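Engineer: Encoded as structure tokens, here's the structure I'll be asking about.
Bear in mind these aren't lab numbers, they're just calculated from the coordinates by the rules spelled out. Just so it is clear, the model here is predicted, and its values are computed rather than measured. Note that we place each Cβ from the backbone using ideal geometry, even for glycine, and neighbour counts take in every protein chain shown.
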Amino acid sequence: MEETKPSTTTSGILQVRLVPQDGSDELHIKAKPTTQVKRLIDAFAKERNLSSSRLRVIHEGQTLPTESTLGDCGISDGDSLEITVEQLGG
């Protein structure tokens, strides 16, 4: 059985779109497949002047672990990732 790897551009860089759940403008990021999800969260938080501790990244309905890399999560060039704010309580 063959293992599929995320597609990358010729330079090995992925272009991903971070799409906020609130409908504000999306953020385009270039990152390597070895980049941790936490770095994307930190970049988004810095750009929007938000606290990164409550932000989560969702891809295809699954919350991505912050310690995982884009490659580990199967993120491909051109993928869109949803950014949400963690909700506490009921």
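Engineer: Any residue that is under 17 Å from D22 (Cβ atoms) and hydroxyl-bearing (S, T, Y) - is there at least one of those in segment 34-51?
Structural biologist: Among the residues of segment 34-51, at least one is under 17 Å from D22 (Cβ atoms) and hydroxyl-bearing (S, T, Y), which makes the answer yes.
Engineer: I'm checking my understanding of the structure. Among residues of segment 58-85 that are under 18 Å from G23 (Cβ atoms) and either in contact with an Asp or Glu (Cβ under 7 Å, 6 or more places away or on another chain) or of a type in the set (D, E) (or both), which one is surrounded by the most Cβ atoms within 10 Å (Cβ to Cβ)?
Structural biologist: E82
Engineer: Can you list residue pairs whose Cβ atoms sit under 9 Å apart, with the first residue in segment 51-69 being without any contact (Cβ under 8 Å) to a residue 24 or more places away in the chain and the second being surrounded by 14 or more Cβ atoms within 10 Å (Cβ to Cβ) and among the charged types (D, E, K, R)? Count only pairs 6 or more apart in sequence or on different chains.
Structural biologist: So the pair list comes out as S52/K38; S52/D42; H59/D79; H59/E82; E60/D79; T63/R56.
Engineer: Would you be able to tell me the number of residues in segment 15-68 that are farther than 15 Å from E82 by Cα, in a helix (DSSP H, G or I) and in contact with a strand residue (DSSP E or B) (Cβ under 7 Å, 6 or more places away or on another chain)?
Structural biologist: 1
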